[in-house]
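See structure below.
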Amino acid sequence: MANKAKVAIFISGRGSNMAALLYASFLPGAAYEVVLVAANDPEAEGLALASGEGISTFALSHKGMPREQHDEAMEQAARDAGADYIVLAGYMRILTDGFATRWEGRMLNIHPSLLPKYPGLDTHQRAIDAGDSHGGVSVHLVTPELDAGQVLGQMKVSIRESETADTLAERVRFAEHQLYPRVVSEYVGRENDPDFLLGKVRELALALPQTHERESHGSPGWRAGSEKSGKYFAYFNDQHHGTEHVAVLVKTGSMDELLDLVEAQPQAYFKPAYYGASGWIGVILNRPGLDWDHVADWLERSWRSVAPKSAAKLHDAADQF
Ligand code: GAR
C-alpha cells in the first residue's frame, strides 16, 4: 500500500501489545509501519523482540531525570525516526501536557478497562470489586487529561466466578492483541480514505462565510457568493486523470507560484490536468502528517480571491475578535 503511516511505539515492559502491533504491520495491506520501539526502561523485554525483527529501538531510563526532559528525549527519538504517530503500548508514564498537546490526534493509548470506567491503575480489581459483569479494554486518543481522550474502540471481557485481577488481566491481554492493531490501522488509514478526506474538506470549506457546495463535472466543489452568481474556490479531486492523489484544488496567485510550489514540494502539491493551466493547484490530502490548518489556510485564501468584498470584510472583522 502506498503512503503507509509511520508509527513509533512506546513501551515500559513486556511489550506484548507492541509485538501484536508489529506483527500485524507485516500483514499484506497494513496501513502502518513501525519505525521505532522506544522504552523508558533499557531492560524492557520488548526491546529485544523489536530489534530481533530489525526495528530501530531507543531506550532511556527516566530515573533521576526531570519529567519534561525525559519526555523531550523520547519525543525527539520519535521525530528522528520520522514517526507520524506515537502509539503507547503499556507505557507506564504520565506525560507532560506539552508532549500530549503537541501530538494531539496523533497519539494513541491502550488502557485495560472500559473507559470512562476506571482510568488510572488497578483497573481489573476495581471492576471485580464493583461487581461488574465485564472488564475490558479501550483504545483512546491521548490528551493531557489521563485516560480521558476520545475512545476509538473497545472490547468487553466477561468477569467470571472467582475471578482475580491476574486471571482477568490475562484474558484482557488476549483481547488487547486483537483490538489494538485493528484500531490503529483504521485510525491511521483514514488518511487514505477519500470519504473521510472529503468530509474534512467540506467542513472547512463550508465554515467560510457565504459558501455552498455544487458539483462540477462529477466532483464536489465549493463556491463563494450567492447560489446564482457564486464562484468556485475549491474542488475535490479523487484520483482523477490517473493520479494517485486525493486532493483539493485551490487558486494560487500566479503560474510562477504554482510551479515553484510543485517543484519545491512535490509530495504536497501537483499541477492538475486542465485546471492547472488557469492557476489552480492540487493540495495533496492523502499523505501522513497532513497539516489541516494548512489546508484551511489555502481554502481561505482561495475563497478570499473570489468572495464578494462584503463577505471578505465581514470575515476580517470577525477575525479581529
Ligand atoms: C496492557 O495490559 C495495557 O493495557 C496496560 O499495560 C499492559 C502492557 O502490557 N496499560 C496500562 O495500564 C496503561 N495505563 P504489554 O507490555 O504486554 O503490552
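Laboratory data are not the source of any read-out in this text; all were calculated from the coordinates shown. Everything numeric in this text was worked out from a predicted model, so none of it was measured. Quick reminder, even Gly has a Cβ in these numbers, built from the backbone with ideal geometry, and neighbours come from all protein chains shown.
Listed values, structure above:
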quantity	calculated
Helix 67-80 vs. the chain, principal-axis angle (Cα, 0 to 90°, nearest 10)	60 degrees
Cleavage-rule hits, GluC sites (Glu not before Pro), the range 188-273, DSSP coil, Cβ neighbours within 10 Å at most 15	215, 227, 244
Order of 6, 63 under a 10 Å beta carbon neighbour criterion, fewest first	63, 6
Over the range 5-192, relative contact order from alpha-carbon pairs under 8 Å, at least 6 apart, %	21 percent
About the Cα centre, charge dipole magnitude for the range 194-319 (Lys/Arg +1, Asp/Glu -1 at Cβ), debye	500 debye
Nearest-20 debye value, the range 5-192 charge dipole, Cβ charges on Lys, Arg, Asp, Glu	280 debye
Where labels lie 7 Å past Cα in the beta-carbon direction, separation of residue 195 and residue 146 in nm	3.8 nm
For the chain, size of Cβ-based charge dipole, Lys and Arg +1, Asp and Glu -1, in debye	820 debye
Calculated FRET efficiency for the pair residue 61/residue 164, C-beta based, R₀ 30 Å, to 0.05	0.45
Contact order normalised by residue count of the chain, Cα under 8 Å, 6+ apart, percent	13 percent
Unit charges at the beta carbon, dipole of the chain: most positive-side option, 224, 196, 18	224
Rounded FRET efficiency, nearest 0.05, which uses the C-beta distance separating residue 102 from residue 122 and R0 of 30 Å	0.50
Percent RCO, i.e. relative contact order, over the range 132-230, from Cα pairs under 8 Å lying at least 6 residues apart	17 percent
Cα centroid of the range 68-119 to Cα centroid of the range 213-232, whole Å	42 Å
Computed E for residue 239/residue 23 - FRET, C-beta separation, R0 41 angstrom, nearest 0.05	0.85
Helix-derived mean residue ellipticity, 222 nm - over the chain, DSSP H n ≥ 4, -39500 (n - 2.57), to 500	-11500 deg cm²/dmol
Folded to 0 to 90 degrees: helix 16-25 orientation relative to the chain principal axis, Cα	40 degrees
Low-density loop positions, chymotrypsin sites (Phe, Trp or Tyr not before Pro), the range 257-312 - DSSP coil, at most 13 other Cβ in 10 Å	274
Coil-residue trypsin sites (Lys or Arg not before Pro) of the range 102-210, DSSP, other Cβ within 10 Å capped at 13	160
Between helix 255-264 and the chain: long-axis angle, C-alpha atoms, 0 to 90°, nearest 10	20 degrees
